[in-house]
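Remarks on the structure that follows.
The values are calculated or read from the model by the stated rules, or taken from the named source; none is laboratory data. What you are looking at is a predicted structure, and each value in this text was computed from that prediction instead of being measured. Here the Cβ positions follow ideal geometry from the backbone for every residue, glycine too, while neighbour counts run over all protein chains shown.
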Amino acid sequence: MSGGSDALDWIASAGSPLRGTLDIPGDKSVSHRSVMFAALADGVSTIEGFLEGEDTRATAAIFARLGVRIETPSPSRRIVHGVGIDGLRAADGVLDCGNAGTGMRLLAGLLAAQRFDSVLVGDASLSRRPMRRVTAPLAKMGARIDTEAGGLPPLRIHGGQALVGIDHTLEVASAQVKSALLLAGLYADGETIVREPHPTRDYTERMLSAFGVDIEFSPGFARLRGGQRLRATDIAVPADFSSAAFFLVAAGIVPGSELRLKQVGLNPRRTGLLQALRMMGADIVEDNGGVHGGEPVADLVVRYAPLRGIEVPETLVPDMIDEFPALFIAAAHASGPTVVRGAAELRVKESDRLAAMANGLRGLGLQVDETPDGATIHPGTLQGGVVDSLGDHRIAMAFAVGAQRALGEVRIGDVANVATSFPGFDALARGVGCSLSDA
């Protein structure tokens, strides 16, 4: 955030049509994994486009404390001197994941396989997020991880355990849990197989393959054998689709807008929102397509178009789980209601995102009917008012976008955590015509 992490509130209001070309910061999920896998590899890897967010920096700092030399010759660039699959060293003290659920869950799998003990802690938000879904299957592999009551962090990981591969079907589709099991599987005796009730993003599988690991994967399935080593490789991190989502919606709802978002990652397990917006009538065109580090990318050109409400297909939900705050804003500006089902996972993200978005929209004058696993959003004209983001970066950015069509000023509280995933969001938004300032 251009105002610094102590600027806790924003004031947003209707701005001008959004115009311009944007370089969206690097994909957070790919950035986490690139520094992790480079640290475990044999040799030196270079990462271009690394997200300079607090979450990803926290992951890099953890590996530095585990004995990995990481250079930062320039912003968004990292040179990682890998220590090999067996080269990590015990840290002095606890390892702070900050706000990063990805970092904590993947590290749980990796550190469960080490010879030494580790303790993973997080900020207040992360400390409320459930970890049993990852610690329970890791225990089946032989890991020993203690949590607080209710399966909450901190995670106290006992090293020196002999892990065995398992054939595990996830109860809830989760790329983070799948990735934790695959990382533990690199150290386990035998094969580790992970099956999912719905396919999730396959960043881990694609990147392990890029680092030379023999891994078999298809939508909803992954298998690898233990004992493999990783080879250093260079990674170009694509622009983060979840970050791009806010500008796709912003330009889609503000008349007269046209934005070009450069080289956005279009992993098919990540772009459910793109399909949903197109079903609603959004005008979004792909241009300059290619592949970066195994990930499909393209420029996204979005122009204003009238949107219509839809019933979001439940098959899209796992592929857009992080983008629902942006979808709620699009739905608020559509003609006719939008119905969301099968999204109970939203209640255990950085905040209860279903409740946070519903309450925020109600506070600005809209009707939203909540259900345990979704909501019906009745569109209307947003009024001015106050929204509590609950410290959730995606809620904050969603209402910053929504306020561009509001009749009055919208004060968005508790926005410091935007810096965890999208540093400089406010400056980029202002640069293309959004009305957004520090309160």
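Numbers below:
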quantity: Any hit, the range 42-49, residues being under 23 Å from the mean Cα position of the chain (by Cα), buried (at least 22 other Cβ atoms within 10 Å of the Cβ) and part of a loop (DSSP other than H, G, I, E, B); calculated: yes
quantity: Residue check for Ala344: more than 21 Å from His198 (Cα to Cα) and either among the aliphatic types (A, V, I, L, M) or at pLDDT below 95 (or both); calculated: no
quantity: Residue check, Gly98 in the same structural domain as Gly212 (by TED's automatic domain parsing), within 18 Å of the chain's Cα centre (by Cα), within 25 Å of Leu261 (Cα to Cα) and among the small types (Gly, Ala, Ser); calculated: no
quantity: Test: residue in the range 24-39 that is outside any helix (DSSP H, G or I), among the acidic types (Asp, Glu), in contact (Cβ under 8 Å) with a residue 40 or more places away in the chain and buried (at least 21 other Cβ atoms within 10 Å of the Cβ); calculated: yes
quantity: Residues located in the range 88-111, provided they are in a helix (DSSP H, G or I) and either over 19 Å from Leu208 (Cα atoms) or touching a Cys at 6+ places or on another chain (Cβ under 6 Å) (or both); calculated: Gly101, Gly103, Met104
quantity: Subset of the range 10-54 [farther than 14 Å from Thr204 by Cβ and of a type in the set (Lys, Arg)]; calculated: Arg19
quantity: Condition met for Arg260 (surrounded by 23 or more Cβ atoms within 10 Å (Cβ to Cβ), of a type in the set (Lys, Arg) and closer than 18 Å to Pro25 by Cα); calculated: no
quantity: Strands (runs of 3 or more DSSP E) wholly inside the range 364-439 that include at least 3 residues being closer than 24 Å to Asp240 by Cα; calculated: 435-438
quantity: Selection count, the range 68-87, where residues are assigned to a loop (DSSP other than H, G, I, E, B) and within 26 Å of the chain's Cα centre (by Cα); calculated: 7
quantity: From Ser209, Ser218, residue being polar (S, T, N, Q), within 29 Å of Glu48 (Cβ to Cβ), in contact with a strand residue (DSSP E or B) (Cβ under 7 Å, 6 or more places away or on another chain) and surrounded by fewer than 19 Cβ atoms within 10 Å (Cβ to Cβ); calculated: Ser209
quantity: Qualifying residues in the range 102-126 (those that are hydroxyl-bearing (Ser, Thr, Tyr) and modelled with pLDDT under 95) - the one surrounded by the fewest Cβ atoms within 10 Å (Cβ to Cβ); calculated: Ser125
quantity: Qualifying residue in the range 158-169 (condition: of a type outside the set (S, T, N, Q), surrounded by 23 or more Cβ atoms within 10 Å (Cβ to Cβ) and either out of contact with any Leu (no Cβ under 9 Å at 6 or more places or on another chain) or under 12 Å from Arg105 (Cβ atoms) (or both)); calculated: no
quantity: Count of the range 231-254 residues which are aromatic (Phe, Trp, Tyr) and in contact with a helix residue (DSSP H, G or I) (Cβ under 7 Å, 6 or more places away or on another chain); calculated: 1
quantity: Residue satisfying all of: in the range 313-340; at pLDDT below 95 and outside any helix (DSSP H, G or I); surrounded by the fewest Cβ atoms within 10 Å (Cβ to Cβ) among these; calculated: Ile321
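Condition check ((1) under 24 Å from Gly256 (Cβ atoms); (2) in contact with a helix residue (DSSP H, G or I) (Cβ under 9 Å, 6 or more places away or on another chain); (3) without any contact (Cβ under 8 Å) to a residue 40 or more places away in the chain; (4) not assigned by TED's automatic domain parsing to the domain that holds Val264) across all residues:
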residue: Pro318; (1), (2), (3), (4): no, yes, no, no
residue: Ala330; (1), (2), (3), (4): yes, yes, no, no
residue: Glu350; (1), (2), (3), (4): no, yes, no, no
residue: Ala358; (1), (2), (3), (4): no, yes, yes, no
residue: Leu366; (1), (2), (3), (4): yes, yes, yes, no
residue: Glu370; (1), (2), (3), (4): no, yes, yes, no
residue: Gly384; (1), (2), (3), (4): yes, yes, no, no
residue: Ala396; (1), (2), (3), (4): no, yes, no, no
